[in-house]
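Enquirer: So that we are looking at the same thing, I have put the structure below in structure tokens.
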Amino acid sequence: MHDMHGMNDSTHPMAHGKEEMPSGGMAGMAHMGNMKRRFWIALMAAIPVFILSPFMGLNLPFQATFPGSDWLVLGLASFLYFYGGQPFLSGAKQELEDRNPAMMTLIAMGISVAYIYSLYAFIVNHFSASSVHVMDFFWELASLIVIMLLGHWIEMNAVMNAGNVLEKMAALLPGTAHVVAEAGTVSDIAVAELKEGQTVLVRAGEKIPADGQVLSGESAVNEALVTGESKAIVKTTGDQVIGGAVNGDGSLTVKVTGTGETGYLAQVANLVSQAQAEKSKAETMADRVSRWLFYAAVSVGVIAFFIWLGIAGLNTALTRMVTVLVIACPHALGLAIPLVVARSTSLAAANGLLIRNRQAVEAVKKIDVILMDKTGTLTAGVFQVNHVVSFENSLSQTAVLRLFAGLEQASSHPLATGILTAAKNQNLDIPTAKSVTTIPGVGLKGTLDGREYQIVTAQFLTTHQIAFDRKRFSELAGQGNTVSFLVTEDQVVGLVAQGDKLKPDSKRLVSELTKRGLKPVMLTGDNEPAAQKVAAQLGQIEVQANLKPADKAAVVQQFQADGHHVMMVGDGINDAPSLARADVGVAIGAGTDVAIDSADVVLVKSEPQDILKFLSLGRATTRKMVQNLWWGAGYNVVAIPLAAGVLAGIGFVLSPAIGAVVMSLSTVVVAINAMTLHL
């Protein structure tokens, strides 16, 4: 009646205390704040450079100079390179150490070449006897750094969420625990200081501070925040409890069975952090384009340098090589993806979607398997009375429900809530039961209208050899119902079957996913019969039942190992590892904070049908990203060879000024194209 939905209690020792959990929930927000501040400071330093320095050798109408202005430009440009360029230089160092040059390396190459060559030009123009003026790239350096900082800030602002999954895990545990000494005295200590073998007192309404075994007491424990399943579980002597679960209206004395990393929440947190670490290594389209553009620019630039060195001398050779390397890092490439991401997240928000990881958007086009948790995702997660049956001719179904409600009136158990809700919906006059007491691990008993009644389970009836309709029980239980029996004088007089209900759009969702060629799979901790019943209502969907959190993550890994690309949809803490492990993790907005923080996308309205919106938006966004990458970098297929002088034999060489105009136009096109994204 009050099972663990397939979870093995013996495997759940104590979870981490708050002090032991990794922190850093504000790290992402702080990083975004630093990027924002760095952008504004860089912009203030860049404005004088724009005014005082020529643009690719061209003097624009708003530009001016004064004696010593060159030195001011040099100072500001140096500040911009070392301060504004620091994130890109650091990122490039990491990429090169990983032997995987990408966007950061390309940006670092562009700003480094522009700065070093401009420094060389400054020295030649001011301290050498040469009459030839060497063009600098200070204007390009300043604009490149400012635009790249702006692009990164836009992207971070679009997807940033300050929540941290590990901090939310720790928040599930109380700060202190009531430790019972051998003498019976109770003292409070920090949860992080708990040790195996200690005894703790859990009062009514409190969170259980650690995984353990009940020594005494009885209470209905709500594990929904931990397991994701809505059914509270009656705990009595000998039962296992999970740290973070909420105790009901009884008191429990619990022996701590584990501490630290052996705890259930700690194990879930570890699964999540491992999956997120692996997932963060995923390569984006922009990274792939940047890597090949880097290789192409360096190769062509070096070849051009040596060819022109023999043809026209050092200055011309340097100019050709630098032009190639600077043009290869177009300003548009820094905005190509961030502008699409910003537009996509805005559209998503308007359609009840919160995108927390843009890599998930790019991954949508490859998804072919959709894994979905049952309770709270496909079903409502609220128990309702589905059947009331009378086995006594003198009792109508309404009378049976009235007796159930009278006995359950003082209980806060979810099953009792379902019965009372049904009685109130029928406007029944609920009687007041007398001498109501709990039957440990079974149900309760009390007196109504002068007769003693009991609410018990099928197992209780079997144990006490009380006859009941087993066929009817199997039929109702097979439909995914929890069945409670009403007994008086060792005779079963009625039953109530309660179960979860599908969300209105769940069946249509499964049908639409199948039409799109995607494979829907339902994952649940529920028993097999209940899961199969729900699956029969949904249609063409595969079922995997009796799963623990680690099992769900293992299912994700197995599909991935078989060559599939997986989306996982869930709402509970037990879904967090699989949400983080999947190629795309989608959390139900009404679910737990831990599940939400483990996911890449959040369905704000908690409507399964919004999964289809995300799939459509993801594909549309990916198309725009590809288009913008071509506009932002594709023109280099022509520009780089021309800048290198491949057509010099017929008198045409791409000048830095023309290259600059092409870069500017591509930036405008990228911005306009991003704004045309629609769902």
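Enquirer: Round to a whole number: what % of the accessible area of the range 35-114 belongs to carbon and sulfur, probe 1.4 Å?
Expert: Reported share for carbon and sulfur atoms: 67 percent.
Enquirer: Something else now. Relative to the present Cα-Cα distance, how much length would full extension add between TYR83 and GLN397 at 0.36 nm per residue of separation?
Expert: 105.3 nm
Enquirer: Specify whether the C-alpha gyration tensor of the range 344-464 places it in the rounded, prolate or oblate class, a ≥ b ≥ c being the square roots of the eigenvalues: rounded for a/c under 1.5, otherwise prolate if a/b is larger than b/c and oblate if not.
Expert: prolate
Enquirer: Taking the convex hull of the Cα atoms, report for the range 390-540 its projected area averaged over all directions, in nm².
Expert: Projected area, direction-averaged: 10.5 nm².
Enquirer: Name the lysines eligible as straight-distance cross-link partners of LYS374: C-alpha to C-alpha under 19 Å, and not fewer than 8 places from it in the same chain.
Expert: Result set, ordered by chain and number: LYS231, LYS501, LYS503, LYS507, LYS519, LYS533, LYS548, LYS552, LYS605.
Enquirer: Is the shape of the range 465-588 rounded, prolate or oblate, going by the alpha carbon gyration tensor and its root eigenvalues a ≥ b ≥ c, with a/c under 1.5 for rounded and a/b larger than b/c for prolate?
Expert: Because a/c hits 1.5 or more and a/b exceeds b/c, the range 465-588 counts as prolate.
Enquirer: Can you give the FRET efficiency to the nearest 0.05 for VAL382 and GLN94, using r as the Cβ-Cβ distance and R₀ = 35 Å?
Expert: 0.15
Enquirer: Label THR253 and ASN351 with points 7 Å out from Cα along Cα→Cβ: what is the distance between them in nm?
Expert: Here the answer is 5.8 nm between the modelled labels.
Enquirer: Compute the accessible area per residue over the range 467-562, keeping the other protein chains in place, probe 1.4 Å, unit Å².
Expert: 45
Enquirer: Relative to the present Cα-Cα distance, how much length would full extension add between THR447 and ASP469 at 0.36 nm per residue of separation?
Expert: Net length gain for the segment: 5.5 nm.
Enquirer: Heavy atoms only, 1.4 Å probe, whole protein assembly: order MET104, MET522, MET675 by accessible area, highest first.
Expert: Output order, biggest surface exposure first: MET675, MET104, MET522.
Enquirer: Right, something else. Which loop chymotrypsin sites (Phe, Trp or Tyr not before Pro) in the range 61-159, with loop taken from DSSP, have no more than 14 other Cβ atoms within 10 angstrom of their Cβ?
Expert: Within the range 61-159, the qualifying chymotrypsin sites (Phe, Trp or Tyr not before Pro) (loop, at most 14 other Cβ atoms within 10 Å) are PHE62.
Enquirer: Also, I was wondering about something else. With each label point set 7 Å from Cα along the Cα-Cβ vector, what nm distance links LYS515 and ASN425?
Expert: Label at LYS515, label at ASN425, 3.0 nm between them.
Enquirer: Moving on. Please compute the modelled spin-label separation between GLN537 and ILE311, points set 7 Å along Cα→Cβ, answer in nm with one decimal.
Expert: Computed distance between label sites ILE311 and GLN537 equals 7.5 nm.
Enquirer: So if R0 is 41 Å, what FRET efficiency would ILE116 and PHE652 give, r being the distance between their Cβ atoms, rounded to the nearest 0.05?
Expert: About 0.90, to the nearest 0.05.
Enquirer: Now a separate question. Please give the FRET efficiency for ARG203 paired with ARG623, using the beta carbon to beta carbon distance and R0 = 41 Å, rounded to the nearest 0.05.
Expert: The value I calculate is 0.10.
Enquirer: Among LEU518, THR488, PRO549, whose Cα sits farthest toward the positive end of the charge dipole of the range 455-582 (+1 at Cβ of Lys/Arg, -1 at Cβ of Asp/Glu, about the Cα centre)?
Expert: LEU518
Enquirer: Assuming 0.36 nm per residue, please report the length gained on full extension of the stretch THR417 to ILE189 beyond their Cα-Cα distance.
Expert: Separation in residues times 0.36 nm, less the Cα-Cα distance, equals 78.6 nm.
The values are calculated or read from the model by the stated rules, or taken from the named source; none is laboratory data. What you see is a predicted model; the values in this text were computed from it and never measured. Every residue, glycine among them, receives a Cβ derived from its backbone with ideal geometry; neighbour counts consider all protein chains shown. Each accessible area value is taken on the protein alone, full model and side chains, heavy atoms only, with ligands, DNA and RNA left out. Shrake-Rupley method; radii C 1.70, N 1.55, O 1.52, S 1.80 Å.
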